[in-house]
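Written below as structure tokens is the structure these notes are about.
The values are calculated or read from the model by the stated rules, or taken from the named source; none is laboratory data. Predicted, not measured: the structure shown is a model, and the values here were computed from it. Positions of Cβ are backbone-derived with ideal geometry, glycine not excepted, and every protein chain shown enters the neighbour counts. Accessible surface areas use protein heavy atoms only, side chains included; no ligands, DNA or RNA. Shrake-Rupley method; radii C 1.70, N 1.55, O 1.52, S 1.80 Å.
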Amino acid sequence: MKQEYTITVYTENHIGLLNRIAIMFSRRKINIESLNTSPSEIEGIHRFTIVINEAEDVVKKLVRQIEKQVEVLKAYYNTNDEIVWQQLALYKMSTDKVIADVKVERLLRKYGARAVVIRKDYTVFETTGHREEIDKLTEVLGSLGLIEFVRSARVAIINASSGFYEKLQEFEAEKPGEEIVENEFLDKQDEVFSM
Amino acid sequence: MSNTILIEKDKKNTGKEKPAAKRGKYAKGAEITGAQAVVEALIAENVTDFFGYPGGAIMPIYDALYDYMDTLNHVLVRHEQGSIHAAQGYARTSGEVGVVFATSGPGATNLVTGLADAQIDSTPVVCITGQVFASLLGTDAFQETDVINITAPITKWNYQITDATEIPAVLAKAFYIARSGRPGPVLVDITKNAQVQKFTYPGYKLCNHIRSYRPKPNIREEYIKEAADLINAAERPFVIFGQGVILGKAEKEFQHFIEKGGLPAAWTVLGLSALPTDHELNVGMLGMHGNYGPNVLTNECDVLIAVGMRFDDRVTGRLDKYARQAKVIHLDIDPAEIDKNVQSTVPVWGDCKETLPLLTALIWQKQHTEWLQRFKEMRKQEEEVVINDELNPQGEIMTMGEVIRVLNEICGGDAVIVTDVGQHQMVTCRYAKFNHSKSNVTSGGLGTMGFALPAAIGAKFGAPDREVVAIIGDGGFQMTLQELGTIMQTGIKVKIIILNNNFLGMVRQWQQLFNDRRYSFVNITSPDFVTLAKAYDIEATSISKREHLKAAIETMMNHDGAYLLEVIVGKENNVFPMVPQGCGVAEIRLK
Ligand SMILES: Cc1ncc(C[n+]2csc(CCOP(=O)(O)OP(=O)(O)O)c2C)c(N)n1
């Protein structure tokens, strides 16, 4: 069954990695609903947040492929009930309209929007929330003279995660494996192999 | 022929000796150019033979190379596609990283097919491409192409260097990534300004750790235990193995494993030669044109043990009809392969060089005589319906199979066999005899026609003491025949057999079987191959009669130099058995 999954990818800061990750989706003809790159809790390590609508089986395989990229430290996928997430939206309205129409003001208050810029000719409001709420507000404002609208990508925190510090330490500590020339069992053939 | 060609021919027919000690020219602290640092990196990585083609954007590197003529053997190919296939052939027979030089723009785009091929067949290759000056990036400068983005999906890793100081560390990383874990192709694009830039050489440090990269997953003991329990309880266990055994250099470990458990084992096309053909537990080839028993019995085994293979669709046929009854144990170094196509009961992550011995220690010494007998019986049936006629045909016209049979008799299974793509490839994989690992070189995952001729050149440089025989179709040969020029110039002693059926045979077979014999553009004409070879100063013969076959192959093998033998075979012969597309493995057709 398809549903919304949020994929979180911890990576090195490497030019070209965004493309490498993006084409893994397009190759499978999977539409990216939202994609955000940002710093993470650890300096120098980037965090991708990608939202797709897919079946779990597909997501699981995709995440394994993403993790295979040399510069990817770790990738996780989560359903919506496993994360806290937000998106930001900006709305530009005509200031005259906002002043004239009480409906607009009421709406903005209902959705917790706040003004970030007020000018004579236009006003820019901002809201944060889930996509559905933002979409609803956009829809109603649309009929009330919305001039410009933009919504950011989702950013998400994983409920069960205790951050990436420990994992990173694990990775950094992981010493390269000894070059195996012959394995221990071959040297002790008589004990192990009785034939 | 010019004098210089003759000199090169004398000098370089078997490749360079492996350097006993590092023979770099510059110590830490020296002022050198980026180009010199590139060549120093090759020396430090123990590269001896490599393949390339010069051009404007890589000229500084070629200029630096001029001073290393006595330590490095650069093979000048005739087309960059040839250089990367040669590097792949080299990597496959030597087990080392193949190296390629190419210029920007068209030089780099000509590598694309080979990169895709190396990516899907997990072949370690490092390609170094020249690029325009960093200041010109994005300006549509002469021969500027966005190589990094073009090759992103077909490289394990790629990187663009714009400053000389990056060169030693990036190349060390490139070699490490190409050869470690599940190997693959890496491309490093170096802008011209970085090549000419002088900097203080920090020396070359081999890379063996990248914090974001885990080449080998940790082995989970509990899965080894579970896998052993399954194998010990099995009545009809069946092992299927792929190139992972060869890439992991785990041939011995693998053999001990199947011998202790008495486990019949079948191979994928890329796993071929990891287990000697004559081994009594070797039950044959899997997949679309594989053997009857291994395909049918895949759907009768109770435990299926997959080692270093990835359940390609050419192996599994229809997945919903594939081994549904079996418990599946999957050993692979790449966690992304586990459960990708076939759901495993027990996943055994890890390098099979390490996991196989752990498993072997826990399994019981056993024999499965009756079960093995089933494979033998089905082999008999296949012999009666298919194999006997293919290897010892009654008709007048020669078959591809009998050519391989005679080749087996003469080479005794000791040669490296390189194949192109098509009917001849399937026939050769089915019937060629192998005593040694790393002896079968073919384009499996990508099915790249034109692979064999350049790959054979590289294979011979990678294994100079072995005979290398390329088996190629009349169609595929014409895709990269320009590499005869490389053979001429290097004097490399490869043997070439063209199995000429006057058709693009494999496509014709499908058109015959599935498109009502509507032979749409599969009728291909060829030049006079013998005259062609002679134009390149390569000995050649063409035969069409059975009574000449043995002597002709003997003459070819005994000839001290490259040799081309054209064998005219039946025009409309088909490769059988066959699992038709969309069918399950058990629905394999014997005719
Ligand atoms: C580069 C490339 N183009 C097309 C194909 C499709 N193809 C697969 S087999 C084949 C026919 C090969 O004919 P030939 O080389 O004469 O070998 P034969 O099958 O006759 O042994 C073709 C066209 C391919 N595999 N690779």
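Could you list, in sequence order, all residues of the stretch B:533-573 that are over 26 Å from residue B:519 (Cβ atoms), surrounded by 18 or more Cβ atoms within 10 Å (Cβ to Cβ), touching a residue at least 24 places away in the same chain (Cβ under 8 Å) and among the small types (Gly, Ala, Ser)?
Residues satisfying the conditions are B:533, B:540, B:562.
Report, by residue number, each residue of the stretch A:46-62 that is hydrophobic (A, V, I, L, M, F, W, C) and crowded, with 19+ Cβ neighbours inside 10 Å.
A:48, A:50, A:51, A:52, A:59, A:62
Output the residues belonging to the stretch B:471-485 that are part of a helix (DSSP H, G or I) and within 6 Å of the ligand (Cβ to nearest atom).
B:474, B:475, B:476
Quick one: how many residues across the stretch B:546-591 are more than 21 Å from residue B:508 (Cβ to Cβ) and polar (S, T, N, Q)?
Counting residues in the stretch B:546-591 that are more than 21 Å from residue B:508 (Cβ to Cβ) and polar (S, T, N, Q) gives 2.
Every residue, every condition in (1) over 30 Å from residue B:546 (Cα atoms); (2) within 14 Å of chain A (Cβ to nearest Cβ), yes or no:
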| site | (1), (2) |
| --- | --- |
| B:327 | yes, no |
| B:353 | yes, yes |
| B:365 | yes, yes |
| B:374 | yes, no |
| B:377 | yes, no |
| B:384 | no, no |
| B:393 | no, no |
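So which residues in the stretch B:149-178 are touching a Ser or Thr at 6+ places or on another chain (Cβ under 8 Å) and of a type in the set (Gly, Ala, Ser), if there are any at all?
Hit for the stretch B:149-178 is B:164, nothing else.
One line per residue, one yes/no per condition, for (1) buried (at least 24 other Cβ atoms within 10 Å of the Cβ); (2) within 12 Å of the ligand (Cβ to nearest atom):
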residue: B:445; (1), (2): no, yes
residue: B:459; (1), (2): yes, no
residue: B:462; (1), (2): yes, no
residue: B:496; (1), (2): yes, no
residue: B:518; (1), (2): no, no
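Being assigned by TED's automatic domain parsing to the domain that holds residue B:253 and not hydroxyl-bearing (Ser, Thr, Tyr): is that true of residue B:354 here?
Spelling it out, residue B:354 is indeed assigned by TED's automatic domain parsing to the domain that holds residue B:253 and not hydroxyl-bearing (Ser, Thr, Tyr).
Which of the residues spanning the stretch B:235-255 are surrounded by fewer than 23 Cβ atoms within 10 Å (Cβ to Cβ) and either of a type outside the set (Asp, Glu) or not in a loop (DSSP other than H, G, I, E, B) (or both)?
Correct list: B:236, B:249, B:251, B:252, B:255.
Residue-wise test of (1) under 15 Å from residue B:454 (Cβ atoms); (2) at pLDDT below 95; (3) in the same structural domain as residue B:142 (by TED's automatic domain parsing); (4) surrounded by fewer than 24 Cβ atoms within 10 Å (Cβ to Cβ).
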position: B:10; (1), (2), (3), (4): no, yes, no, yes
position: B:65; (1), (2), (3), (4): no, no, yes, yes
position: B:90; (1), (2), (3), (4): yes, no, yes, no
position: B:106; (1), (2), (3), (4): no, no, yes, yes
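Quick check on the stretch B:496-506. Is at least one of its residues within 16 Å of residue B:86 (Cβ to Cβ) and either of a type outside the set (Val, Ile, Thr) or not assigned by TED's automatic domain parsing to the domain that holds residue B:313 (or both)?
yes
Here are some residues: B:514, B:576, B:503. Which one is within 16 Å of the ligand (Cβ to nearest atom), more than 14 Å from every other protein chain (Cβ to nearest Cβ) and more than 28 Å from the chain's Cα centre (by Cα)?
Of B:514, B:576, B:503, the one residue that is within 16 Å of the ligand (Cβ to nearest atom), more than 14 Å from every other protein chain (Cβ to nearest Cβ) and more than 28 Å from the chain's Cα centre (by Cα) is B:514.
Of all residues in the stretch A:75-102 being open to solvent by less than 40 Å² (accessible area, probe 1.4 Å) and aromatic (Phe, Trp, Tyr), which is nearest to residue A:163 (Cα to Cα)?
Out of the qualifying residues, it is A:85.
Among the residues of the stretch B:512-555, write down those that are within 29 Å of residue B:77 (Cα to Cα) and assigned to a helix (DSSP H, G or I).
B:529, B:530, B:531, B:532, B:533, B:534, B:535, B:552, B:553, B:554, B:555 - these are the residues of the stretch B:512-555 that are within 29 Å of residue B:77 (Cα to Cα) and assigned to a helix (DSSP H, G or I).
With the requirement that a residue be touching a Ser or Thr at 6+ places or on another chain (Cβ under 9 Å), among the small types (Gly, Ala, Ser) and under 26 Å from residue B:151 (Cβ atoms), what does the stretch A:7-61 give you?
none
Working carefully through the options B:223, B:176, find the one that is away from chain A (no Cβ under 12 Å) and hydroxyl-bearing (Ser, Thr, Tyr).
That would be B:223, the only listed residue that is away from chain A (no Cβ under 12 Å) and hydroxyl-bearing (Ser, Thr, Tyr).
Report yes if some residue within the stretch B:116-135 is away from chain A (no Cβ under 14 Å), out of contact with any helix residue (DSSP H, G or I) (no Cβ under 7 Å at 6 or more places or on another chain), of a type in the set (Asp, Glu) and surrounded by 21 or more Cβ atoms within 10 Å (Cβ to Cβ); otherwise report no.
Yes; the residues of the stretch B:116-135 include at least one that is away from chain A (no Cβ under 14 Å), out of contact with any helix residue (DSSP H, G or I) (no Cβ under 7 Å at 6 or more places or on another chain), of a type in the set (Asp, Glu) and surrounded by 21 or more Cβ atoms within 10 Å (Cβ to Cβ).
Out of the strands (runs of 3 or more DSSP E) lying entirely within the stretch A:11-85, which hold 2 or more residues that are within 14 Å of another protein chain (Cβ to nearest Cβ)?
The qualifying strands (runs of 3 or more DSSP E) are A:45-55, A:72-79.
Taking the options B:382, B:354, B:409, name whichever one is away from the ligand (no atom under 14 Å from the Cβ), open to solvent by less than 10 Å² (accessible area, probe 1.4 Å) and in a helix (DSSP H, G or I).
Within the list B:382, B:354, B:409, the selection yields B:382.
Going residue by residue through the stretch B:232-248, is there one that turns out to be more than 13 Å from chain A (Cβ to nearest Cβ) and among the polar types (S, T, N, Q)?
yes
Considering only the stretch B:134-234, give the helices (runs of 4 or more DSSP H) lying wholly within it that have at least 2 residues that are outside the structural domain of residue B:346 (by TED's automatic domain parsing) and under 28 Å from the mean Cα position of the chain (by Cα).
Output list reads B:147-151, B:167-179.
Just a yes or no: is a residue in the stretch B:37-44 in the same structural domain as residue B:123 (by TED's automatic domain parsing), crowded, with 19+ Cβ neighbours inside 10 Å, farther than 30 Å from residue B:246 by Cα and at pLDDT 95 or above?
Looking through the stretch B:37-44, at least one residue is in the same structural domain as residue B:123 (by TED's automatic domain parsing), crowded, with 19+ Cβ neighbours inside 10 Å, farther than 30 Å from residue B:246 by Cα and at pLDDT 95 or above.
Based on what the data block shows, is residue A:2 over 30 Å from residue B:207 (Cβ atoms) and facing chain B (nearest Cβ under 9 Å)?
Taking the combined requirement at face value, the residue does not satisfy it.
Could you tell me whether the stretch B:415-426 includes any residue that is within 16 Å of the ligand (Cβ to nearest atom), modelled with pLDDT of 95 or more and open to solvent by 20 Å² or more (accessible area, probe 1.4 Å)?
yes
Hey, can you tell me all the residues within the stretch B:387-401 that are out of contact with any Pro (no Cβ under 6 Å at 6 or more places or on another chain) and open to solvent by less than 30 Å² (accessible area, probe 1.4 Å)?
B:387, B:390, B:393, B:398, B:400, B:401
Quick one: in the stretch B:59-88, of everything that is over 27 Å from residue B:146 (Cα atoms) and in contact (Cβ under 8 Å) with a residue 24 or more places away in the chain, which residue is farthest from the chain's Cα centre (by Cα)?
B:67
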